[in-house]
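Written out below as structure tokens is the structure these notes cover.
Readers should treat all values here as calculations from the given coordinates under stated rules, not as data from a laboratory. Being a predicted model, the structure only gives us computed values, none of them experimental. Virtual Cβ from ideal backbone geometry, glycine too; neighbours counted across all protein chains shown.
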Amino acid sequence: MRIRRCRHLFIEPRETLEFDLDVLLAGGDGLASTRRWVALAPHLDAEVDVDATALAVLGDCDVHAWRQCDALLARHPREAIERLLA
């Protein structure tokens, strides 16, 4: 199978803050931060959460030329590539 990355891909970090009593009792400000990464592309119906493994796969994909998927499979887990393709 041949593969390439979407030319118009936007990866956005999203951060949420929540009150955390344990953080406050430990001397902090009481806020716990959670970060997630979201992929946005014109062909997607909705934003897609991506993890660090998926980000590495996307960074390895060529945007200009179609490449054989075997090269990616040699460097990244099959599950991560299949999640992105889905």
Checklist outcome for this item: Looking across the stretch 1-42 at residues that are free of Cβ contacts under 8 Å to residues at least 24 places away in the same chain and surrounded by 14 or more Cβ atoms within 10 Å (Cβ to Cβ), the single one that is nearest to Ala71 (Cα to Cα) is Ala32
Checklist entry - Counting only residues that are assigned to a helix (DSSP H, G or I) and surrounded by 11 or more Cβ atoms within 10 Å (Cβ to Cβ), how many does the stretch 43-86 have? => result 15
Item to check | Answer residue from the stretch 1-18, given it is part of a loop (DSSP other than H, G, I, E, B) and touching a Cys at 6+ places or on another chain (Cβ under 8 Å) and is farthest from Leu84 (Cα to Cα) among those | outcome: Met1
